[in-house]
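Enquirer: Dropping a structure here in structure tokens format, bear with me for questions.
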Amino acid sequence: PSDSPAASEEPDVAMGVFPLFLDPDLRPEQDGEGANDSKYPQVSCDGEVVYLAWQDLRTPPKWDVYFNRSTDGGATWLLQDLRLDGGIGDSYSPRIASSGSNVYVAWVDDRTVKNKWDVYFNCSSDGGTTWLPQDVRVNTTPPGTKVAGEVQIACSGLSVYIAWMDRRNGLEDIY
């Protein structure tokens, strides 16, 4: 091991290298403190750029997926949160991944049939400034016929990998 903290890629408490945390009192979402329920935040970063996606009850009784980003390590955020889901149903459990300026978000959504979840996806190639004009349904079962959930997403460059659980065969399987 090197005596220089800068040479280490892993936080080493003994060497005085600590992970950097956001200010615990900073609110990246821009809807007003206590204005509505916001939960299940997911974070991805690339250097000083921090991407955040979460589930938000801004338009009750409907849950939506929102996004915000910081380009200065979390010190400041966009003044306006961006809604990523395009459906009329509830959107739950967003997951986010990024590689450079490519940002990918996946979630489950019941826009077709209440409580029958499909997997949806949206992406940005410019660090979250613009997104696809319409989110994309990922699972191939007929819309709204089965329950999907437990979405996970990962990426490497332009390659995106999404996995989820669904019950199309009666029991829970991973796709």
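The values are calculated or read from the model by the stated rules, or taken from the named source; none is laboratory data. If you're wondering where the values come from, they're calculated on a predicted model, not measured in any experiment. So basically every Cβ, Gly included, is an ideal-geometry build from the backbone, and we count neighbours across all protein chains shown. Calculation scope for accessible area: heavy atoms of the full protein, side chains included, ligands and nucleic acids excluded. Shrake-Rupley method; radii C 1.70, N 1.55, O 1.52, S 1.80 Å.
Enquirer: For the range 125-170, how many residues are polar (S, T, N, Q), within 26 Å of Cys45 (Cβ to Cβ) and in contact with a Lys or Arg (Cβ under 9 Å, 6 or more places away or on another chain)?
Expert: Of the residues in the range 125-170, the ones polar (S, T, N, Q) are 125, 129-130, 134, 139-141, 145, 152, 156, 159, 169.
Filter once more, so that each one left must be within 26 Å of Cys45 (Cβ to Cβ): 125, 129-130, 152, 156, 159.
Checking the rest, the ones that are also in contact with a Lys or Arg (Cβ under 9 Å, 6 or more places away or on another chain) come to 129, 152.
Qualifying residue count for the region: 2.
Enquirer: Please go through the range 128-152 and give me each residue that is of a type in the set (Val, Ile, Thr), surrounded by 14 or more Cβ atoms within 10 Å (Cβ to Cβ) and either within 21 Å of Val50 (Cβ to Cβ) or modelled with pLDDT of 85 or more (or both), ordered by number.
Expert: Residues satisfying the conditions are Val138, Val151.
Enquirer: Please tell me if Gln134 is closer than 20 Å to Asp37 by Cα, polar (S, T, N, Q) and in a loop (DSSP other than H, G, I, E, B).
Expert: No, not satisfied.
Enquirer: Does the range 94-108 include one or more residues that are more than 25 Å from Trp164 (Cα to Cα), polar (S, T, N, Q), assigned to a strand (DSSP E or B) and open to solvent by 10 Å² or more (accessible area, probe 1.4 Å)?
Expert: Within the range 94-108, not a single residue is more than 25 Å from Trp164 (Cα to Cα), polar (S, T, N, Q), assigned to a strand (DSSP E or B) and open to solvent by 10 Å² or more (accessible area, probe 1.4 Å).
Enquirer: Of all residues being more than 17 Å from the chain's Cα centre (by Cα) and either open to solvent by 60 Å² or more (accessible area, probe 1.4 Å) or at pLDDT 95 or above (or both) in the range 33-57, which is nearest to Asp109 (Cα to Cα)? Just the residue, please. Step through it out loud before you land on a result.
Expert: At the first step, the residues of the range 33-57 found to be more than 17 Å from the chain's Cα centre (by Cα) are 33-36, 47-48.
From what is left, the residues that are either open to solvent by 60 Å² or more (accessible area, probe 1.4 Å) or at pLDDT 95 or above (or both) are 33-35, 47-48.
On the way: Glu33: 26, Gly34: 25, Ala35: 23, Gly47: 31, Glu48: 31 Å.
This residue is Ala35.
Yes or no, residue by residue, for (1) in contact with a Phe, Trp or Tyr (Cβ under 6 Å, 6 or more places away or on another chain); (2) free of Cβ contacts under 8 Å to residues at least 24 places away in the same chain; (3) closer than 22 Å to Ser38 by Cα:
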| site | (1), (2), (3) |
| --- | --- |
| Arg69 | yes, no, yes |
| Gly74 | no, no, yes |
| Gly89 | no, no, yes |
| Ser99 | no, no, no |
| Val151 | yes, no, yes |
| Arg167 | no, yes, no |
| Leu171 | no, yes, no |
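Enquirer: In the range 153-165, what residues are in contact (Cβ under 8 Å) with a residue 12 or more places away in the chain and open to solvent by 60 Å² or more (accessible area, probe 1.4 Å)?
Expert: Ser156, Leu158
Enquirer: Kindly indicate whether Phe67 is of a type in the set (A, V, I, L, M, F, W, C) and open to solvent by 20 Å² or more (accessible area, probe 1.4 Å).
Expert: Answer is no for this residue.
Enquirer: Also, quick follow-up: Return only the number of the condition from (1) over 16 Å from Arg137 (Cβ atoms); (2) open to solvent by 20 Å² or more (accessible area, probe 1.4 Å); (3) among the hydroxyl-bearing types (Ser, Thr, Tyr) that Ser124 does not satisfy.
Expert: With respect to (1) over 16 Å from Arg137 (Cβ atoms); (2) open to solvent by 20 Å² or more (accessible area, probe 1.4 Å); (3) among the hydroxyl-bearing types (Ser, Thr, Tyr), Ser124 is out only on (2).
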